[in-house]
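Structure, as structure tokens:
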Amino acid sequence: MEKRLPRALVAAATAVVAASGLTGCSGDKNTADGAPDGTTSSAHATPAISAARCAQNKAAGKITYLTGYYYQASASILEYLAAEKLGYFDALCLDVDIKPGTGNTGQNTKLLASGQVTVSPVSEQDVIQARDNGVGIVGISAYSNAGLEVLMTMPAITDLKQLNGTTLGQKGSLPVGISAMLTQAGADVPSIKQVVVGYDPSILPRGQVKSLTGFISNEPNLLAAAGQQVKVWRPYDYHVPGSLGGLAANPDFAAKHRTAVEDFLRAGLHAYDYCSTKGEECVGYAADLSDGGYDKAQNLKIWQTEVALVQQTKSPGTPLGLVDMDNVTALAELLAKYSMVKKTSAADAKSFFDSSYLTALYQSGQLAWPAT
């Protein structure tokens, strides 16, 4: 499931990902005094972990992190950009090279499997589909069982059955979660005419379509900024599984360099906590990596919306980032029902994820910083 959002949200990045190789932009490392848990710039200059663990992480070599969509301020992107700028990777003796992805999830998974990329944002459903297609990656974390994909209507629509016989705008295919939600709500999906539309959400308030697919942190915020309020319909509210903020890794690297993968996640989660209250500062780090035209206001809204969604929907009493295997099972069953996978069972799907890297980061329910 590709996540393709308007390029106006981010810089017109000159570096793109190609199967033949990767080019990228890595900002100058700096530090931020007043970072959480008493971390200071001096701490960034000196490793904050034991000499033995530092040596293990250095031995892992370069970790290539490919973002999901350029330098957009989404969960699983912004916190890793911030971890670099705040010096958290340095504190854990990690050599991280950040490169901008294009939003093509299929390409990202292939680059992961080939070893050209070490870690990249990949949703749980995309991990399952990649493995079903023989692409070898492993899911290592996810923030929430709620997905970003939503359906928007004007406020006059109060029941999804009102969409029967109307026109729905989508970006190339109807997301399986949206289709499942419509079915759950009793709508007659075959009667709804689907048309492929571009990335201008104003076609909804202009009446060109009766409903429109999009991402909860993007189009509703763009329309609100233009003075247009819409009703957002979330598959999560209809008990349709999804995922938000997922990360996947190259399995060989993860198996050989466990502490490096753990500490990469640790730095990101530590930065997530920091950016949750200092979003404007962290969005500034993303803007610094871009060539120009970066919409800070919209990206801040994207970040704040996704952080709020994670807070609202993450499994209670579980560490942030822990993959919910019951949700993986539900996703595998959903994908099979809609013929999105051909040979993957629910039991198979569970084997595509390894939560041990994430659980190793927590002590008594709290993220350990730095590593013990």
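Restricting to the stretch 200-223, and then to whatever is of a type in the set (Gly, Ala, Ser) and more than 23 Å from the chain's Cα centre (by Cα), can you tell me which residue is nearest to Gly165 (Cα to Cα)? Steps first, answer last, please.
Just the residues of the stretch 200-223 that are of a type in the set (Gly, Ala, Ser), to begin with: 202, 207, 211, 214, 217.
With more than 23 Å from the chain's Cα centre (by Cα) added as a condition, the list becomes 202, 207, 211.
Working: Ser202: 21, Gly207: 15, Ser211: 11 Å.
Restricting to residues being of a type in the set (Gly, Ala, Ser) and more than 23 Å from the chain's Cα centre (by Cα), the top hit is Ser211.
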Checklist entry - Within the stretch 306-334, can you find the residues that are charged (D, E, K, R) and either without any contact (Cβ under 8 Å) to a residue 24 or more places away in the chain or outside any helix (DSSP H, G or I) (or both)? => result Lys314, Asp324, Asp326, Glu333
Next on the checklist: Where the second residue is crowded, with 17+ Cβ neighbours inside 10 Å and of a type in the set (Val, Ile, Thr) and the first is outside the structural domain of Gly214 (by TED's automatic domain parsing) and without any contact (Cβ under 8 Å) to a residue 60 or more places away in the chain and lies in the stretch 230-252, which pairs have Cβ atoms under 6 Å and are six or more apart or on separate chains?
Outcome noted: none
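Can you confirm whether the stretch 255-267 contains a residue that is surrounded by fewer than 18 Cβ atoms within 10 Å (Cβ to Cβ) and either within 19 Å of the chain's Cα centre (by Cα) or touching a residue at least 24 places away in the same chain (Cβ under 8 Å) (or both)? So that I can check it myself, show each step before the final result.
Of the residues in the stretch 255-267, the ones surrounded by fewer than 18 Cβ atoms within 10 Å (Cβ to Cβ) are 255-256, 258.
Those still in the list that are either within 19 Å of the chain's Cα centre (by Cα) or touching a residue at least 24 places away in the same chain (Cβ under 8 Å) (or both) too: 256, 258.
Yes, the stretch 255-267 contains a residue that is surrounded by fewer than 18 Cβ atoms within 10 Å (Cβ to Cβ) and either within 19 Å of the chain's Cα centre (by Cα) or touching a residue at least 24 places away in the same chain (Cβ under 8 Å) (or both).
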Next on the checklist: Going through Ala32, Ala73, Ala15 one at a time, which residue ends up being at pLDDT 50 or above, surrounded by 13 or more Cβ atoms within 10 Å (Cβ to Cβ) and out of contact with any Asp or Glu (no Cβ under 6 Å at 6 or more places or on another chain)?
Outcome noted: Ala73
Next on the checklist: Could you go through the stretch 295-305 and let me know if any residue there is outside the structural domain of Leu223 (by TED's automatic domain parsing), among the β-branched types (Val, Ile, Thr) and assigned to a loop (DSSP other than H, G, I, E, B).
Outcome noted: no
Checklist entry - Looking at the stretch 99-139, which of its residues are surrounded by fewer than 24 Cβ atoms within 10 Å (Cβ to Cβ) and assigned to a loop (DSSP other than H, G, I, E, B)? => result Gly103, Asn104, Gly115, Gln116, Asn133, Gly134, Val135, Gly136
Checklist entry - Which one of Leu300, Leu334 is under 17 Å from Ala146 (Cβ atoms), at pLDDT 95 or above and not aromatic (Phe, Trp, Tyr)? => result Leu334
Checklist outcome for this item: For the stretch 43-66 the number of residues that are at pLDDT 95 or above and in a helix (DSSP H, G or I) is 9
Checklist entry - Here are Thr213, Thr166: which of them is out of contact with any Leu (no Cβ under 7 Å at 6 or more places or on another chain), of a type in the set (Val, Ile, Thr) and not assigned by TED's automatic domain parsing to the domain that holds Gly321? => result Thr166
Item to check | Residues that are modelled with pLDDT of 95 or more and within 21 Å of Leu269 (Cα to Cα), drawn from the stretch 314-326 | outcome: Pro319, Leu320, Gly321, Leu322, Val323, Asp324, Met325
Checklist entry - Are any residues in the stretch 148-171 in contact with a Phe, Trp or Tyr (Cβ under 7 Å, 6 or more places away or on another chain) and either outside any strand (DSSP E or B) or under 24 Å from Leu269 (Cα atoms) (or both), and if so, which ones? => result Leu148, Glu149, Leu160
Item to check | Index of the failed condition, Ser364 passing every other in (1) surrounded by fewer than 17 Cβ atoms within 10 Å (Cβ to Cβ); (2) of a type in the set (Gly, Ala, Ser); (3) at pLDDT 95 or above | outcome: (3)
Checklist entry - Has the stretch 166-185 got at least one residue that is over 27 Å from Val230 (Cβ atoms) and among the small types (Gly, Ala, Ser)? => result no
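The values are calculated or read from the model by the stated rules, or taken from the named source; none is laboratory data. Here the structure is a predicted model, which means the values were calculated and not measured. Methodologically, a virtual Cβ is constructed for each residue, glycine included, from the backbone with ideal geometry; neighbour enumeration extends over all protein chains shown.
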